[in-house]
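What follows is a single structure, written as structure tokens, with notes after it.
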């Protein structure tokens, strides 16, 4: 059973977790604990840095997930635009044509086998395959992806800067501890040598 102190720490972490309402607090807590176990922060400064690192990694994971969803969300619209260009079948009116194309696109997105086969045939008639849908989705969301990629690069930069800071801090701390230890050892040696000297005089 977890101690009262452990429960309190977990509760505080949950309350401060930088998660959206669509995200899992438990997953963030697990990430934070994994970092804590791996890095083993010592003192308030290192603990704060590890907290920041957990938040940065979480933000990066979110941005990558959003990037994929931006593209996935554009696939239906992208396919509709392509089908409008390659569909040669005659219709009684413009609205019927649009409705048929949109219906096929939604069925294709829903992984309907007949719809997928028909889309593949239509694309093949123009020497195309489904990669043209991906390309169109990228083209349509280019500005959004560019902004997102900038945010991702900034998050990666902050993460690397933080990791470098932790390493530098630990190195300086290690040097400081070594100097203090050496000085204390030298100070302790003086009375010991004096005592030994006095014994020799007797």
Per the rule of 0.36 nm per residue minus the C-alpha distance, extending residue 154 to residue 167 adds in nm 2.7 nm
What's the center-to-center distance, using Cα atoms, between segment 103-122 and segment 145-177 in Å? 46 Å
In nm, what is the difference between 0.36 nm times the number of residues separating residue 103 and residue 72 and their Cα-Cα distance? 9.4 nm
Mind pulling up the Rg/Rh value for segment 38-146? Radius of gyration and Kirkwood radius, both on Cα. 1.29
Added length on full extension, which subtracts the Cα-Cα distance from 0.36 nm per residue, residue 27 to residue 113: 27.4 nm
Can you tell me which of 51-64, 23-36 comes out highest on packing, and rank the rest after it, using the mean Cβ neighbours within 10 Å? 51-64, 23-36
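A short reminder: the numbers here are calculations on the coordinates, not readings from a lab. Model, not experiment: these values are computed from the prediction. Heads up, the Cβs are rebuilt from the backbone with ideal geometry, glycines too, and the neighbour counts pull from every protein chain shown.
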